Amino acid sequence: MPDIPAIQSALRDAKIDGWLFYDHHHRDSIAGNILSLDPHAMVTRRWFYFIPAKGEPRKLVHRIEQVTLDTLAGKKEVYSRWEELHQGLKKLLSGSKNIAMQYSPENNIPYIGLVDAGTIELIRKLKKKVVSSADLVQKFEASWTPAQLDGHVEAGKIVDRITREAFTRAAKFVQEGKPLAEYELQQWIVEQFRTSGLVTAEPPIVAVQPNNGNPHYEPKQGISRPIRAGDLLLLDIWAKLDRPGSVYYDITWMGYLGHRVPDSYAKIFRLVKDARNRAIDFIKDAVEEGRTIHGWEVDRVARETIRKGGYGKYFVHRTGHSIGQEVHGNGANMDGLETRDDRRIVPHTCFSIEPGIYLPEFGVRSEVNVHVGEGEARVTGAVQQEILPLLG
């Protein structure tokens, strides 16, 4: 259940009069998560739930789906006709001016911009100012509980093990002259997840050159490349415990199917590693010193490192993404490229740090997860220091 007093306290601190939740056909998963609603319940009509900064919450639901919000506190109003809906909204929001919604100005943060433009227009027509709920979402949806952090670490140990075993399997097939394609190794990893109590929404990325030059390459049955001696192998693996409320662990490691990693690969990895480490150190220092930093600033640190190394144009994605119950969560992203994520990095959130360089011939990425606690930030799993020579 939502912690209404805590939400109201946060609203008062932010000088916001209330938080308006709205959904139709489960379009807003953030609302469902924060309000602890059944994700499988029938929602064929619009509903609204308003938590004011002070006072009792209020509900507005359709007559044929009156029970939609019955698990939540507050007085209920019902509507059938659109005119009743408009009048009901006016009553719901009475006494409030600044209203937080899942809205992002200019859609700068698409993860937050879930309310449709027409509904925003309707609220503004009632002479209300709509503000973004982005910082509230960080606090009440993207923040982890201690149990979630424990589950993340537990999943991470399993993922780290499976990653090592996947590299070993690739090396064994190459040494024995047996055929092994990217897709086949991917499916082996998925099976290891299943037998180890892990789940994932999408299968991992298994890519040799030049496919690892595509950050979101997806191996497919029948058309993926064979893994051979001399290949640079990228494994991007994410999974979580098969338990309600579990959060993801998401890493990328690199291996070389040979005895000695070529200098051309090692040079690029060193630059990516340096960018990764500088970003991590920037976060750790800021958290320990109590300085406020934002997602775009972390991205700038990593990106500037790669730019100075001469490969800026080949770092084509953000430095990191929020991690939660979905592998791409709703907290601050380490992003100054795709967006300028100006959300603060706050305690009890987790995100990836994953700079990469993607050349036409091959690509290199290194990814770790960073969890921010109270006064400290830490990498939650193993950290790769060099490309692994798999036939050594």
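The values are calculated or read from the model by the stated rules, or taken from the named source; none is laboratory data. This structure is a prediction, so every number in the text was calculated from the model and none was measured. Here Cβ is always computed from backbone atoms with ideal geometry, including for glycine, and neighbour counts include all displayed protein chains. The accessibility values were calculated without ligands, DNA or RNA, using every heavy atom of the protein model including side chains. Shrake-Rupley method; radii C 1.70, N 1.55, O 1.52, S 1.80 Å.
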| message | Need one number: nm distance between label points at residue 38 and residue 172, each 7 Å from Cα along Cα→Cβ, rounded to one decimal. | response | 4.6 nm
| said: Tell me the angle of helix 295-308 to the major Cα principal axis of the chain, expressed in degrees between 0 and 90 and rounded to the nearest ten. | reply: 30 degrees
| task | Report relative contact order for the chain in percent, whole number only (criteria: Cα-Cα under 8 Å, sequence separation at least 6). | result | 14 percent
| Theoretical FRET efficiency, 1/(1+(r/R0)^6), r = Cβ-Cβ of residue 281 and residue 71, R0 56 Å, to 0.05 | 0.80
| said: So, for the chain, what is the accessible surface per residue at a probe of 1.4 Å, expressed in square angstrom? | reply: 46 Å²
| Distance between modelled label sites at residue 243 and residue 127, nm, 7 Å Cα→Cβ extension | 5.2 nm
| note | Note on segment 47-95: contact order normalised by length, alpha-carbon pairs under 8 Å, 6 or more apart, percent, works out to 33 percent
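Out of the total accessible area of segment 215-302 (probe 1.4 Å, heavy atoms of protein only), what percent is carbon and sulfur? Mind dumping the intermediate values first?
Values: 1830 of 4070 Å².
Reported share for carbon and sulfur atoms: 45 percent.
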| Links that overshoot a 25 Å alpha carbon limit, given the list 172/273; 59/240; 129/284; 90/129; 90/139; 240/267 | 172/273; 59/240; 129/284; 90/139; 240/267
| field | segment 333-392: GluC sites (Glu not before Pro) falling in loop per DSSP and having at most 16 other Cβ within 10 Å | value | 338, 361, 374, 376, 386
| message | Nearest 500 deg cm²/dmol is fine: what mean residue ellipticity at 222 nm does the chain get from its DSSP H runs of n ≥ 4 alone, each adding -39,500 (n - 2.57), divided by its residue count? | response | -10500 deg cm²/dmol
| request: Report the far tail of the P(r) of segment 1-132, meaning the percent of Cα-Cα pairs longer than 23 Å. | output: 26 percent
| query | How large is the charge dipole for the chain, taken about the Cα centre, if only the Cβ atoms of Lys, Arg (+1) and Asp, Glu (-1) carry charge, to the nearest 20 debye? | reply | 860 debye
| How many nm is it between the label spots at residue 188 and residue 292, if each spot is 7 Å from the Cα in line with the beta carbon? | 5.0 nm
| message | Using only Cα atoms and rounding to the nearest 10 degrees, what angle (0 to 90) does helix 4-13 make with the longest principal axis of the chain? | response | 90 degrees
| query | Along the Cα-to-Cβ line of residue 24, 7 Å from the Cα, sits a label point; which residues in segment 42-61 have backbone N less than 16 Å from it? | reply | 43-49, 60-61
| Extension gain from residue 153 to residue 385, taking 0.36 nm per residue of separation minus the Cα-Cα distance | 81.5 nm
| request: Measure nothing fancy, just the Cα-based angle from helix 82-92's long axis to the longest principal axis of the chain, in degrees from 0 to 90, nearest 10. | output: 90 degrees
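Can you list the equivalent-ellipsoid semi-axes of the chain, largest first and in whole Å, using the square root of 5 times each Cα gyration tensor eigenvalue?
44, 23, 18
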